[in-house]
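Quick note: the coordinates plus some simple rules give every number you see, no bench work behind them. In this text the structure is predicted, and so the values were computed from the model without any measurement. Cβ placement follows ideal geometry from the backbone for every residue including glycine, while neighbour counts extend to all protein chains displayed.
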Amino acid sequence: MKSCRNAISAGILAFWIVTVATSCQKDTFSQVPFYCKIESPLLIWEGDTLQGFIPDGWVFQGATLVGAFSLPKVIPLLDYSPKPIMIGGGIWENNDPAYRKIYPFWQFYLHSISSPPKPLDTLHVQPIFYYFADTAYRIPFHENFEAPDLKLIQFRTRNDSVILRRVISFFNNTTTRCGYAAFDSTARVLEITSQDFFDIPLNNAQSAWLEIMFRGNIKFGISLLRREGGMSIIAPLILPTYTSFQKEKWQMAYFYLFPLIQNLGKGPYKLYILAQADGNFRELFIDNVRVLHFR
């Protein structure tokens, strides 16, 4: 009887050892990741392929948010089920890296996975972002400087005014037209508005953004204005965060216009841009200035 009890105890011990070992093996395997290497995103913009204009990617594995990352980035993943990798193009609201958002006008990039990856495998993903069809949104203002008559004009005349001129520049391996302002000891202030008023319906205002391509070595701010009783009312200026000045490299800034519309109330509006120099020689190039909102 005693030997039988010992045999049973030994069997239970052996089963427990096998069970624990198997469990540990499974836990260890589940902690071995595979990797997703996401390259710097490409943006299809009016037929051009642009790189360097999308700072972030919001990465989803299926419906689960993995995180928001500055791209390019190698990301470890532990879910081995063949769920698609979906990436939302991320921007910095008002050029401020503290306010990262998925830009609503770009379609998500989808990378399908046909079979489960193996441990330590690396998936290579090159996200390409397209705008939604233009039937989904309106562009009430757009200045690309291709026409000789500028849509951005001087707001008021000052002794130290800087004049915005139309010049030839080099962009995306080709020559193009853009707006140019030169600042010095006598010309210190660039203050311009859109020539015409445009409307943003209040029920669409929460989706209103301003895109502006720029390069140079001077800060600028943007706002909206409207007319009331023969006077121009300007909403508080949005001064973007400038992480660095890149005089020769074009950048894109994305400004959220809803707070300005809330401040001003019902439109129509004009776009307002202000840059003030310190008396030293400064330059500012701007291009593809456009306001967008969903219909």
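Output the peptides 90-96, 73-79, 273-279, 45-51 sorted from most to least packed, where packing is the average of other Cβ atoms within 10 Å over each peptide's residues.
Order by mean packing, descending: 90-96, 273-279, 73-79, 45-51.
In Å and from the alpha-carbon atoms only, list the Rg and Dmax of the stretch 137-294.
When restricted to the Cα atoms of the stretch 137-294, Rg and Dmax are 15.3, 48 Å.
Among rounded, prolate and oblate, which fits the chain when a ≥ b ≥ c are the square roots of the eigenvalues of its C-alpha gyration tensor, a/c under 1.5 means rounded, and a/b larger than b/c means prolate?
Working: a/c = 3.15, a/b = 2.75, b/c = 1.15.
Cα axes put the chain in the prolate bin.
Report, to the nearest 10°, how far helix 2-30 tilts away from the longest principal axis of the Cα atoms in the chain, using its own Cα long axis and a range of 0 to 90°.
On a 0 to 90 degree scale, this one is about 20.
Which of the pairs 73/101; 249/270; 151/219 have their Cα atoms more than 24 Å apart in this structure?
Values: 73/101 18 Å; 249/270 28 Å; 151/219 21 Å.
Beyond 24 Å between Cα atoms: 249/270.
For the stretch 34-130, compute the orientation-averaged projected area of the C-alpha convex hull (one quarter of its surface), in nm².
Values: hull surface 25.0 nm².
Taking the Cα atoms of the stretch 34-130, their convex hull projects to 6.2 nm² on average.
Would you mind giving the three semi-axes, in whole Å and largest first, of the ellipsoid equivalent to the stretch 198-278 according to its Cα gyration tensor? Before the final figure, lay out each step's value.
Values: eigenvalues 134, 44, 17 Å².
In descending order the semi-axes read 26, 15, 9 Å.
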